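J.: Please read through the structure below; I'll follow up with questions.
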Amino acid sequence: MRIFSGIQPTGRKHLGNFIGAIEQYVALQDRGEAIYCIVDLHATTVPYEPAVLRERLYDTAAILLAAGLDAERCIFFRQGDVPEHTELTWLLSSVTAFGDLNRMHQFKDKAGAQRDLVSASLFTYPTLMAADVLAYRAQQVPVGDDQRQHIELMRDIAERFNARFAAEAAGAAAPLVVPEGVYREVGARIMDLQEPTKKMSTTGGTEQGTVLVLDEPKTIEKKFKRAVTDSGSEIRHDRAEKPGVANLIEILAAVRDTSFAAVEADFADARYGDFKVAVAEAVIERLTPVQERYAELRPDEAALEAILAAGAEKARTIAADTVADVRQLMGVGPNP
Ligand code: AQP
């Protein structure tokens, strides 16, 4: 089985990214052929500073390695190092419906937040994301719950491509694989601690409600202590009635790798204040070794570059094979 996922080089990775995606990446390394990439091309779809992008990319690479990605057990690379992603994006654009792109929630949210230019690449972002995954013929895509719409679109793109070009094709070219999203049962959507009806987010969340992987323990504790709950006293997982408490239960259940019911039972007689401190302590305990390892890895940019370059070389072999098949099936370039 082949697994693929991409992550943005924002550097400010938060607990939602960590629980919803990064922990899954690490676990799935041993369940199949895992391929992970830092999507620097996606990061150019909104305003950014080129020098900062490079810095954040190293931050993100070091966070992922510190969390347990192992370049010996997975392919780990930078999207921009594999030009097949952009070529495939163009080719797949011809089977991407304009109307589908126009319905993407993420585009609407992010376009609405731009003060100046809304780039064409922000609009076609989901096609690049589809190309990322389809280039590797991955069966499984570990992501957070917010990516469901993008996963549906890439499935549609693969199906439309296969129906249009690969259905009756003769020769060696293989069709695309229709991938599936893999969502954690607990922790697929971690909410903002201050606004628990909104997901924890790099760009859309509150400062105090967003716990960063690299936050100091004291800061983490403060953020959890200030987390919004409700006027009741019961520690019960009810997203509709008690979104703040439900989110804290979800975080603790994910970090302890247990169920909501087990957390509810453990804190049946606890007060909100004590519960929040317990959640903070569990998160700090989980993140401390990651932060320590990060501090060792981050300064050596040459070593990070070497890991990403070796990964890109392996990735490129696979992606080039898919692009060659797609070109052949689409009648682009000479007959092989
Ligand atoms: N709140 C979340 N809960 C669970 N999973 C989440 N993910 C994001 N937010 C949550 C998952 O993290 C992975 C990486 O996301 P990304 O590459 O999109 O990184 P980002 O842009 O830094 O993440 P955000 O916070 O989602 O940014 P905004 O909100 O600014 O667009 C993905 O698998 C994602 O599902």
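J.: Asp146 versus (1) of a type outside the set (S, T, N, Q); (2) over 15 Å from the mean Cα position of the chain (by Cα); (3) within 11 Å of the ligand (Cβ to nearest atom): which is the lone unmet condition?
T.: Looking at each condition in turn, Asp146 falls short on (2).
J.: With respect to Pro299, determine if the residue is under 26 Å from Val39 (Cβ atoms), assigned to a loop (DSSP other than H, G, I, E, B) and free of Cβ contacts under 8 Å to residues at least 12 places away in the same chain. Walk me through how you get there before you give the answer.
T.: On the way: under 26 Å from Val39 (Cβ atoms): yes; assigned to a loop (DSSP other than H, G, I, E, B): yes; free of Cβ contacts under 8 Å to residues at least 12 places away in the same chain: yes.
The answer is yes for Pro299.
Results for (1) out of contact with any Asp or Glu (no Cβ under 7 Å at 6 or more places or on another chain); (2) part of a strand (DSSP E or B), shown as yes or no for each residue.
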{"residue": "Gly6", "(1), (2)": "no, yes"}
{"residue": "Pro9", "(1), (2)": "no, no"}
{"residue": "Arg12", "(1), (2)": "yes, no"}
{"residue": "Ile19", "(1), (2)": "yes, no"}
{"residue": "Ile22", "(1), (2)": "yes, no"}
{"residue": "Thr45", "(1), (2)": "yes, no"}
{"residue": "Val52", "(1), (2)": "yes, no"}
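J.: Among the candidates Asp81, Asp132, Asp109, single out the residue that is buried (at least 20 other Cβ atoms within 10 Å of the Cβ) and of a type in the set (Asp, Glu).
T.: Details: Asp81 fails: buried (at least 20 other Cβ atoms within 10 Å of the Cβ); Asp109 fails: buried (at least 20 other Cβ atoms within 10 Å of the Cβ).
Of Asp81, Asp132, Asp109, the one residue that is buried (at least 20 other Cβ atoms within 10 Å of the Cβ) and of a type in the set (Asp, Glu) is Asp132.
J.: So how many residues does segment 278-307 have that are among the aliphatic types (A, V, I, L, M) and surrounded by fewer than 15 Cβ atoms within 10 Å (Cβ to Cβ)?
T.: Our first condition is that a residue be among the aliphatic types (A, V, I, L, M); within segment 278-307, this holds for 278-280, 282-284, 287, 290, 295, 297, 302-304, 306-307.
Still in the running and surrounded by fewer than 15 Cβ atoms within 10 Å (Cβ to Cβ): 295, 302-303, 306.
Total meeting the criteria: 4.
J.: I've got another one for you. In the set Glu180, Glu152, which member is under 16 Å from the mean Cα position of the chain (by Cα), farther than 29 Å from Ala113 by Cβ, within 16 Å of the ligand (Cβ to nearest atom) and surrounded by fewer than 18 Cβ atoms within 10 Å (Cβ to Cβ)? Steps first, please.
T.: Numbers: Glu152 fails: farther than 29 Å from Ala113 by Cβ.
Just a single option satisfies the conditions, and that option is Glu180.
J.: Being in contact with a helix residue (DSSP H, G or I) (Cβ under 6 Å, 6 or more places away or on another chain) and not in a helix (DSSP H, G or I) is true for just one of Ala71, Ala62. Which residue is that?
T.: On the way: Ala62 fails: not in a helix (DSSP H, G or I).
Ala71 is the lone residue from the list that is in contact with a helix residue (DSSP H, G or I) (Cβ under 6 Å, 6 or more places away or on another chain) and not in a helix (DSSP H, G or I).
J.: Got a sec? Which of Asp81, Asp59 is farther than 17 Å from Ala319 by Cα and of a type outside the set (Gly, Ala, Ser)? Give the steps one after another, and end with the answer.
T.: Working: Asp81 fails: farther than 17 Å from Ala319 by Cα.
Asp59 is the lone residue from the list that is farther than 17 Å from Ala319 by Cα and of a type outside the set (Gly, Ala, Ser).
Coordinate-derived values only; no laboratory data. Since we're looking at a predicted model, the values are computed, not measured. When we count neighbours, we look across all protein chains shown, and the Cβ atoms used for this are built from the backbone with ideal geometry, even at glycine.
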